[in-house]
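Colleague: Structure below; questions to follow.
The values are calculated or read from the model by the stated rules, or taken from the named source; none is laboratory data. If you're wondering where the values come from, they're calculated on a predicted model, not measured in any experiment. Ideal geometry is used to build each Cβ from the backbone, glycine not excepted, and the neighbour counts take in all protein chains shown.
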Amino acid sequence: MPGLIAIVGRPNVGKSALFNRIAGRRIAIVHDQPGVTRDRITAELEWRGRSFTLVDTGGIGLLRREKANDVIIAAAMEQVELAIEAADVILLVVNVQEGVVPLDREAAARLRGSGKPVLVAVNKVDTHRSETSALEFSELGFDQVFPVSAIHGEGIQPLMDAAMGLIAVRTEAPSEPGVEGVDHAPSIKEQTPLKLAIVGRPNVGKSSIINALTNSERVVVSPIPGTTRDAVDVPFEVVTEGVRQSYVLIDTAGLRKTKRVDNSIEFFSVKRAEESIARCDIAILVLDAEAGITEQDKKVADRIVEARRSCIVVVNKWDLMNDAVRKARVEEIERRQNKENRKAPNVMTTLSEFGEWVQRHLFFLDYAPVIFTSALSGFHLDRLLEAVRYVAAQLQQKIPTAILNRTLQDAVERRQPVSVRGHRLKFFYATQVRQAPPTFLLFVSRDELFSDQYKKYLADQMRRAFGYEGCPIILAAKARPKTIEPMRKFKPRPRQTSR
């Protein structure tokens, strides 16, 4: 099992910058404002061929005007404690430009009580003078002090070499007597975990769903919109009928309207959420049952469609659903049926009726299954996992070429494409070129005649034939090379003779 390195320290000393530098890419949000990081941000990495887990945490200690009973601060502190408890090695980050401050001493005292090996990373050492100043942090009581610069990448190698050496001492088990030289049975091959991005507008219960699925307080939850800032990857395993399935749940910040993004932290939070949609295998769009479907929900759904990602729609807080959604549903039916001079029906309350209502409002995402859940009570969370497994299986389909062409031929015969300026679109051959997302290449007479309406029709016919529930179907047209026509015969002009 790979070791775990936790990065801790007081607020605003450069923990997230060091995390990104070691990871080699921008994962955690870095900002001058203290207290940006709230959740535990993790990354599975390698150093000199050895695997380990790196964890970024929020700041230890309270800043001015912060209260210990604040729900977000208390939850962030709890995340730090969990990271310390799970760590094999701890990197205590301090700021050389500010020297040793009381919060550094408070953090050091807390870490000494943990009994874990601690390396002091003195950050922002950019000059020889500041490198000399780093020695004063020896007073914190730890033997190994490393001057580093997370921004410029200086001093990272000796710090990580020392950390990996400590991991080897703590995690490598001694060999059993009498079994030296015996070949062990090969380990089970691990499959690449399925990435599930939990997305939606603020305060719809995304983090609560992750905590409910993992049965832990893995991410910070509060009723305050905008609590989640970073995109947090949470490994998750489910054993079903003796089969272990691995997932990575990606908790994201709420996607709000652009004009409501107040500062750079929110801007980067939204960007991280959008990047999570792009890198996930399945996007889980979370809606609020009390609020119904808002314009922002539709915009988030549109981003999923643009990214061509598989999707499952989750209507959360079903246990708290009041009459707001029922009223909207009834008003819609009344408007439609009053035009037909019919009596309006009673209030719709069944899940199937609400599911149809959701798919009708998210008509451009009508291929996504709709699951009603309650993260608070655990209602239908098992069905959510069933839907994830089903959609993942749909993504693995490989349609035989002969069956694919026969299905498309039948669809074209049932409904011919509309001719444009006397030209009609002809289909010659089709083949599947990708599984996730399902992508098909169609060779046609003229690709400019392949309209979006006809693409939608063919995609619907393929869903009827092959399923693909929750998956976008991408149809790409390619014009078949035209046959070279023989040159027309012509009579040569008679030569003019000179007199």
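Colleague: Restricting attention to region 118-158, which residues are more than 15 Å from Leu18 (Cβ to Cβ) and exposed (fewer than 15 other Cβ atoms within 10 Å of the Cβ)?
Modeller: Result: Thr127, His128, Arg129, Thr132, Leu135, Glu136, Ser138, Glu139, Gly141, Asp143.
Colleague: Moving on. Of the residues Ala163, Ala134, which is closer than 18 Å to Lys15 by Cβ, in a helix (DSSP H, G or I) and within 32 Å of the chain's Cα centre (by Cα)? Lay out the reasoning, then the answer.
Modeller: Working: Ala134 fails: within 32 Å of the chain's Cα centre (by Cα).
Testing whether each residue is closer than 18 Å to Lys15 by Cβ, in a helix (DSSP H, G or I) and within 32 Å of the chain's Cα centre (by Cα) leaves just Ala163.
Colleague: Has region 130-151 got at least one residue that is at pLDDT 65 or above, in contact with a Ser or Thr (Cβ under 8 Å, 6 or more places away or on another chain) and among the small types (Gly, Ala, Ser)?
Modeller: Of the residues in region 130-151, the ones at pLDDT 65 or above are 130-151.
Pick out the ones that are also in contact with a Ser or Thr (Cβ under 8 Å, 6 or more places away or on another chain) and you get 145, 147.
Retained after the next criterion (residues that are among the small types (Gly, Ala, Ser)): none.
Scanning region 130-151 turns up no residue that is at pLDDT 65 or above, in contact with a Ser or Thr (Cβ under 8 Å, 6 or more places away or on another chain) and among the small types (Gly, Ala, Ser).
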